[in-house]
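Written below as structure tokens is the structure these notes are about.
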Amino acid sequence: MPETMNTQGTAQIQLDGKVLDCPVIVGTEGERAIDISKLRSSTGYITMDPGFGNTGSCQSAITYLDGDKGILRYRGIPIEQLAEKSTFVETSYLLIYGKLPTKKELDAFSAAFNEHSMIHEDMKNFFNAFPSATHPMASLSAMVCSMSAYYPEFTKEDPTKEEVNRIAVQLLSKVRTICAFSYKKSIGEPFVYPRHDLKYVPNFLNMMFSSPTKFYKIIDEVVNALRVLLILHADHEQNCSTSTVRLVGSSRANLYASISAGICALWGPLHGGANQAVIEMLELIQKDGGNINKYIAKAKDKNDSFRLMGFGHRVYKNFDPRAKIVKKCADDLLNKLGIRDPLLDLAKRLEEVALKDDYFISRKLYPNVDFYSGIIYRAVGIPLQMFPVMFAIGRMPGWIAHWKEMIEDSTTKIGRPFQIYIGSPKRDYVPIDQRGK
Ligand code: CMC
């Protein structure tokens, strides 16, 4: 990550008769930002930007996205090319190390996945401690954080490059095992251990769906659909969970703790929990007789908390390039598997009606990556509560890449925003016997 800033000219802020010159920072693709880092020390003012809709928190060389044009690139490479040609392991390497690996580098990276695929045997006790109805995002977050207790050698404040490399691949590989084990635990089946002869996605499917009495047959189309989804979810620059990972990591908390916090941020239905929420919404509409217009009206009603899940995005205001790929992928997979999912038909009808409605047109609300991803997970047989977990597995390389970029940048400061206080002015403490009834 460039520690220097490319600046072009200045913007002036005029306050209380003083003028502050603020450098204008320019990115690779011409994006512009006003550097207000001297504002508070020079003027005493802060800026107010709830939800950080206009605030840049860092410079980053990992992912570029242009929401108006529907562009998403990892390390400069368009998402469409990666979804078509890359593997999740290769894309992870690209995100974390900034370049496509050579054959030798990729072989070594894949071998390290195998080396680190097992979890500490004692960690299996964790699964017994959780109630059987535990949401897998709760156990995933707790287990990733507790990896800092099982692998304390990787929790140093200033890890070396080699240690960061090791922890990165270790996390990517072990998280897949933890997720599959948590599913097995939830259905009361014995764990299936990772296998060295299987690639990343088939290995996961085998751990999820094989059992002592049943061998899961790997279907290429299923592997391909999950590969595409993992790649599409792998990074999305400064989203809620990635910003959380960076904020927690900025205090020099270790990678496990930072990613555990990111998993919690991802869980919410406005972020990575949206894929689960979309299916729940479609099921609700279906049970209610498939009355799409009723739910469109509810989504538009300001007095109703109902939102069209899987619609809208903070950044994309034209289309979400990931959603285009996912929709086609869902169609292809269901066709190949010969599955007719009435929820897919309902989702398509809902999209059609919403995209013609002035409420959604005027607010530039389009289907996002999560609108159709749940249809694919359903077809694969992944249970509803595991949908956000699939997002978390996919987002892992992005979180790691951002944490790594941040700690390698010597200019990183602890994240610590300000506020405008609106509580009571100064008042004195009153002893309890003088407070009245
Ligand atoms: N249904 C109905 N109205 C909506 C929706 C929606 N899904 N999304 C936004 N709006 C309205 C919102 O009420 C507001 O209207 P008004 O201007 O009249 O007040 C306007 O559109 C702007 O919305 P906002 O809430 O200010 O936008 P935001 O950038 O703060 O929120 C969002 C983005 C994704 C949280 C939001 O669109 C949403 O809640 N969508 C549904 C949840 C969802 O699908 N999340 C997954 C996002 S993609 C996966 C990921 O990377 O996280």
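The values are calculated or read from the model by the stated rules, or taken from the named source; none is laboratory data. Here the structure is a predicted model, which means the values were calculated and not measured. Reconstructed Cβ throughout: ideal geometry from the backbone, glycine too, with neighbour counts over all protein chains shown. Surface accessibility is based on the protein's heavy atoms, side chains included, excluding ligands, DNA and RNA. Shrake-Rupley method; radii C 1.70, N 1.55, O 1.52, S 1.80 Å.
How much FRET efficiency would the formula 1/(1 + (r/R0)^6) give for residue 57 and residue 214, where r is the Cβ-Cβ distance and R0 is 56 Å, rounded to 0.05?
Working: r = 48 Å, r/R0 = 0.85.
E(calc), rounded to 0.05, equals 0.70.
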Taking the Cα atoms of segment 93-238, report the difference between the largest and smallest coordinate on each principal axis, in whole Å and largest first. 41, 38, 30
Where is the GNM fluctuation largest for the chain (alpha-carbon springs, 10 angstrom cutoff): 361, 292, 376? 361
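Would you please put 142-149, 316-323 in order of how densely packed they are, using the mean number of other Cβ atoms within 10 angstrom per residue and starting with the highest? Mind showing how you got there, number by number?
On the way: 142-149: 19.2, 316-323: 21.4.
Those peptides, ordered most packed to least, come out 316-323, 142-149.
Subtract the Cα-Cα distance of residue 49 and residue 148 from 0.36 nm times their separation in residues, and report this length gain in nm to one decimal. Walk me through the numbers before you get to the answer.
Numbers: separation 99, 0.36 × 99 = 35.64 nm, distance 3.45 nm.
Additional length available on full extension: 32.2 nm.
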With each pseudo-label sitting 7 Å past Cα toward Cβ, what's the residue 5-residue 84 distance in nm, one decimal? 3.8
Hey, rough spin-label estimate for residue 298 and residue 284, points 7 angstrom out along Cα→Cβ, what's it come to in nanometres? 0.5
Taking a crude spin-label model, label points 7 Å out from Cα along the C-beta direction, the residue 20 to residue 187 distance in nm is 5.7
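For the peptides 127-134, 241-248, 18-25, what is the packing order when you average, over each peptide's residues, the other Cβ atoms within 10 Å and list the highest mean first? Could you put the intermediate results ahead of the total?
Numbers: 127-134: 11.6, 241-248: 22.9, 18-25: 14.2.
Descending packing order for the listed peptides: 241-248, 18-25, 127-134.
Restricting to DSSP H runs of at least four residues, report the calculated mean residue ellipticity at 222 nm for the chain, -39500 (n - 2.57) per run over all residues, nearest 500 deg cm²/dmol. Display every interim value, and only then the final one.
Working: 18 runs with 221 residues, N = 437.
Theoretical 222 nm ellipticity from helices: -16000 deg cm²/dmol.
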Applied in sequence order to segment 80-86, the curve 6.51 cos²θ - 1.76 cosθ + 1.60 (Karplus, θ = phi - 60°) yields integer Hz couplings, x standing for Gly and Pro, of 4, 5, 5, 4, 7, 10, 9
If you plug each phi of segment 12-28 into the Karplus form 6.51 cos²θ - 1.76 cosθ + 1.60 with θ = phi - 60°, what whole-Hz ³J(HN,Hα) values come out, in order, with x for Gly and Pro? 10, 10, 9, 9, 6, x, 9, 10, 10, 7, 10, x, 9, 8, 10, x, 3
Leaving out ligands, DNA and RNA, and with a 1.4 Å probe, what % of the accessible surface on segment 71-198 is carbon or sulfur? 55
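Express as a percent, rounded to the nearest 5, the fraction of DSSP beta bridges in the chain (both residues included) that run antiparallel.
Of those bridges, close to 100 percent are antiparallel.
Return the FRET efficiency for the residue pair residue 429, residue 409: r is the Cβ-Cβ distance, R0 is 56 Å, and the value is rounded to the nearest 0.05. Numbers along the way, then the final one.
Details: r = 45 Å, r/R0 = 0.80.
That gives a FRET efficiency of 0.80.
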Express in whole angstrom the spacing between the alpha-carbon centres of segment 99-150 and segment 372-404. 14
Residue among 327, 184, 103 with the largest mean-square fluctuation in a Gaussian network model of the chain, springs linking Cα atoms under 10 Å: 103
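Give, rounded to the nearest 20 debye, the magnitude of the charge dipole that the chain has about its Cα centre when Lys and Arg contribute +1 at Cβ and Asp and Glu contribute -1 at Cβ. List each step's numbers first, then the result.
Values: 54 positive and 48 negative charges, 138 e Å.
Using Cβ point charges on Lys, Arg, Asp and Glu, the chain gives about 660 debye.
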Solvent-accessible area per residue for the chain at a 1.4 Å probe radius, Å²? 51
